Amino acid sequence: MIDTILYGLTIGAILYIFSIGLSITFGTMQIVNFAHGMVYSLGVYLFISFLPWTLRIFPLAMALAIAAMLPVAYLIERFIIRRLYGESLDYAIIATYAVLLIGADLIKYIWGTAPQPVSDPIGVPLVVLGVVIQLYRVVVFLSAVVLFFALRIFFTRHVIGKIVVAALEDRDGVRALGLDVNKYFSIAFVIGSGLAVLGGVLYAPITTSEPYMGFHILLLAFAVVIVGGMGNLTGTFISAFVLGMVIAITGRVYSSAADTMVFVVMALVLLKNPIFSFVRRLRGRPAHG
Amino acid sequence: MLEVNSIDVAYGHAKVLHDVSIKLNQGEMVFVVGRNGAGKTTLLKTIAGFLKPTQGQISLEGQGISGLAPEQVARRGVRYVAQDKKVFSDLTVKGNIELAAYAAGEPLEQALARVMSLYPKFKDFLQNKAGGLSGGQREILLIGRALVGEPKLLLIDEPTEGLAAIVIQDIFRILSGMKETVSGIIVEQNLSVVSRLADRIYIMKEGKIERELTDPAEIKNTAELENYL
Ligand SMILES: Nc1ncnc2c1ncn2[C@@H]1O[C@H](COP(=O)(O)OP(=O)(O)OP(=O)(O)O)[C@@H](O)[C@H]1O
Ligand SMILES: [Mg+2]
């Protein structure tokens, strides 16, 4: 039971860290950004390549992978996402999905299709109430909690955070003050992308990495963002852990249904809070950027 | 200082402003009145840079601004207060003022003092979420936010709409206090407010400027103005 709970908390932590950027892009730009999965998987592959060069110092390879992906994220924002603002929702899906596919092909081309395992960087088992659990998973969970509070401080105290919060609600109001919202969305986008890589790297020792890993987590993360409310970062945190627990508990009972249950929960949330309002919010954006 | 020169504005294919020209002299407070759907909001939005005219020009102090993005127009000293009374409700009252101060490059303390001089009660809820403010307080916060950084030109869309008589008095007091220091174009349907504050009035109808009133006697005559609404 304890290991199931811990597994749920670990998956919840990864989903949360990955979903932040997706939620911000949904909320600010009203764009469904599949490219987030590309940043995530390419970042993890870079991390795996950096590991031997950095004498297997996990945090160093992780920092390098994140740093390497930030300029890529910037370019995606500047040349793809920003141009899609105010265009039809379908264009955004097609264009960012293309980026996701290109990423998967690039990974296959460079690293091949074989799954890439990463060993647990801590490798310290703990015995809690007679059950063996991995300290690493506790660390992953705690990282998400720390991140949650760090982001809260950023969004409530730092002026850039406040600008993003204000723009999530009233983009035109921010522009009318003389602030170039694109610049702040770009900063938020790059931070969110860096976090996607962080989530992917933290997840690498728990799973095995493969070229299509970005597709899988994206689907789960869309459920997280929809359940948590687009652009609602506290909601994202809670829903990531709720869905993480759903995956862990379902997985224990009947493992092939684990992911399906996530979408059952999402469907229930959408039934209560009709999908029409979700689609309307995406469609009802202004025609003028 | 501001010249709007025969502009046409459309939403997609629907043209809503036809050959509109207005001008504003330094220090003037000009009001725009007209029925619902006359195009008043569209006119302010276009000056603020949120809509682009398909024909005609807009110039501020002799420089063309009709091709600029809203944030660029704002940085040239134009502040637009929209009709919907939408504040940044997830931020505190102080946070709302802070963003305006940051954008305008004005020290926060000065910006806070400026807004509180309009409405001293804000002192008690600086740390409250702005979403909890009443409609009148929101409007005052929006006007205060717009005054941060001493803009050259204020564009305010229906500041008293939907407010109780007593709050309208507050807004009236604030607008008349600004009268000597800033130039403004204000859309307003409350004719008693309009007639007491206006230097000139433009009357809009079906996307056109129907009349311009400059004679003080005409401006004071609310019964006559009523005919245009
Ligand atoms: N986003 C839009 N898309 C299409 N048409 C619009 C849009 N906004 C306004 N219109 C139309 O443009 C015309 C002018 O609208 P506008 O909002 O400028 O009027 P208004 O004078 O401000 O009215 P009100 O007194 O109701 O605020 C109206 O016919 C309106 O239906
Ligand atoms: Mg209007």
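The values are calculated or read from the model by the stated rules, or taken from the named source; none is laboratory data. Not measured: the values here are computed from a predicted model. Using ideal geometry, Cβ is built from the backbone for each residue, glycine included, and neighbour counts are taken over all protein chains shown. For accessibility, only protein heavy atoms count, side chains too; no ligands or nucleic acids. Shrake-Rupley method; radii C 1.70, N 1.55, O 1.52, S 1.80 Å.
For the stretch A:2-282, what D do you get in µm² per second when you plug the Kirkwood radius from alpha-carbon pairs into Stokes-Einstein at 25 °C and 0.890 mPa s? Mind dumping the intermediate values first?
Working: Rh = 19.2 Å.
The calculation lands on 128 µm²/s.
Tell me the label-point distance for the pair A:LEU142, A:LEU126, using the 7 Å Cα-to-Cβ offset, in nm and rounded to one decimal.
0.7
Using alpha carbon centroids, what distance separates the stretch A:80-116 and the stretch B:20-68, in Å?
42
Ignore the peptide's own chain and count Cβ atoms of other chains within 10 Å of each Cβ in A:164-172; give me the average, rounded.
On the way: counts 0, 6, 10, 2, 2, 7, 7, 1, 8.
Counting other chains' Cβ atoms within 10 Å and averaging over A:164-172 gives 5.
Where does the charge balance sit around B:TYR80 when Lys and Arg score +1, Asp and Glu -1, over other residues with C-beta under 14 Å from its C-beta?
+4
Taking only Cα atoms, what is the 0 to 90° angle, nearest 10, from helix B:93-104's long axis to the longest principal axis of chain B?
The angle comes out at about 60 degrees.
Any chance you could check the Cα centroid distance between the stretch B:147-226 and the stretch A:172-203 for me, in angstrom?
First find each Cα centre; the distance between them is then 40 Å.
Chains A and B: how much accessible area gets covered up at their contact, both sides added, probe 1.4 Å, in Å² to the nearest hundred? If you can, show how the numbers build up before the last one.
Numbers: alone 13470 and 10710 Å², together 22160 Å².
Protein heavy atoms only, the A-B interface buries about 2000 Å².
Let me know the shape class of the protein assembly as shown, please: from the alpha-carbon gyration tensor, a ≥ b ≥ c as square roots of the eigenvalues, rounded when a/c is under 1.5, otherwise prolate if a/b is greater than b/c, or oblate. Don't skip to the end; give the middle numbers.
Values: a/c = 2.60, a/b = 2.26, b/c = 1.15.
Since a/c reaches 1.5 and a/b is larger than b/c, the shape of the protein assembly as shown is classed as prolate.
Determine the share of the stretch A:63-116's accessible area contributed by carbon and sulfur atoms, expressed in whole percent, with a 1.4 angstrom probe. Spell out each step's value before the answer.
Values: 2020 of 2950 Å².
Ligands and nucleic acids excluded, carbon and sulfur give 68 percent.
On a 24 Å Cα-Cα criterion, which of the cross-link pairs B:LYS45/B:LYS94; A:LYS108/A:LYS183; B:LYS40/B:LYS86; B:LYS45/B:LYS85 come out too long? Can you show the working numbers first?
On the way: B:LYS45/B:LYS94 26 Å; A:LYS108/A:LYS183 34 Å; B:LYS40/B:LYS86 18 Å; B:LYS45/B:LYS85 15 Å.
Check vs 24 Å cut-off fails for B:LYS45/B:LYS94; A:LYS108/A:LYS183.
Work out the FRET efficiency for A:SER88 and A:TYR254 from their Cβ-Cβ distance, taking R0 = 35 Å, and round it to the nearest 0.05.
Working: r = 40 Å, r/R0 = 1.13.
Between A:SER88 and A:TYR254 the formula returns 0.30.
How much accessible area does B:GLU106 have with a 1.4 Å probe, in Å² rounded to the nearest 10?
Counting only protein heavy atoms, the figure is 20 Å².
Just tell me how shielded B:45-51 is by partners: mean number of partner chain Cβ atoms within 10 Å of each residue's Cβ, no decimals. The partial results should precede the final answer.
Details: counts 3, 0, 0, 3, 3, 5, 2.
Mean inter-chain Cβ contacts per residue within 10 Å come to 2.
Which of B:PRO159, B:PRO107, B:PRO151 moves the most in a Gaussian network model of chain B with Cα springs under 10 Å?
Per the Cα network of chain B with a 10 Å cutoff, B:PRO107 tops the list.
Sorting B:ASP19, B:ASP170, A:ASP170 by accessible area (1.4 Å probe), largest first, what list results? Please report the intermediate quantities before stating the final value.
Values: B:ASP19 100, B:ASP170 45, A:ASP170 20 Å².
Ranked from most to least accessible, the order is B:ASP19, B:ASP170, A:ASP170.
Please calculate the 1.4 Å probe accessible area of B:SER192, with all protein chains present, and give it to the nearest 10 Å².
50
Charges only on Cβ, +1 for Lys and Arg, -1 for Asp and Glu: so what's the dipole of the protein assembly as shown about the Cα centre, in debye to the nearest 20? Intermediate results must be reported in sequence, preceding the final value.
Details: 45 positive and 40 negative charges, 119 e Å.
Charge dipole, the protein assembly as shown, about its Cα centre: 580 debye, nearest 20.
PRE reach from B:ASP8 (point 7 Å along Cα→Cβ): which of the stretch B:48-66 fall under 15 Å by backbone N?
It comes to B:52-57, nothing else.
Take A:MET62, B:MET204 and sort them by solvent-accessible surface of the protein heavy atoms, 1.4 Å probe, largest at the top.
Numbers: A:MET62 35, B:MET204 0 Å².
Order by accessible area, largest first: A:MET62, B:MET204.
Tell me the angle of helix B:108-118 to the major Cα principal axis of chain B, expressed in degrees between 0 and 90 and rounded to the nearest ten.
Helix B:108-118 sits roughly 70 degrees off the main axis of chain B.
Residues of the stretch B:76-102 that become at least 50 Å² less accessible with every protein chain present than in their own chain isolated, using 1.4 Å: which are they?
B:LYS86, B:PHE88, B:LEU91, B:GLU98, B:LEU99, B:TYR102
Report, in degrees rounded to the nearest 10, the 0 to 90 angle that the Cα long axis of helix A:258-272 makes with the longest principal axis of chain A.
30
Rounded to whole Hz and in sequence order, give me ³J(HN,Hα) for the stretch A:107-120 from the Karplus expression 6.51 cos²θ - 1.76 cosθ + 1.60, θ = phi - 60°, writing x for Gly and Pro.
5, 4, 5, 7, 10, x, 9, 5, x, 10, x, 10, 7, 4
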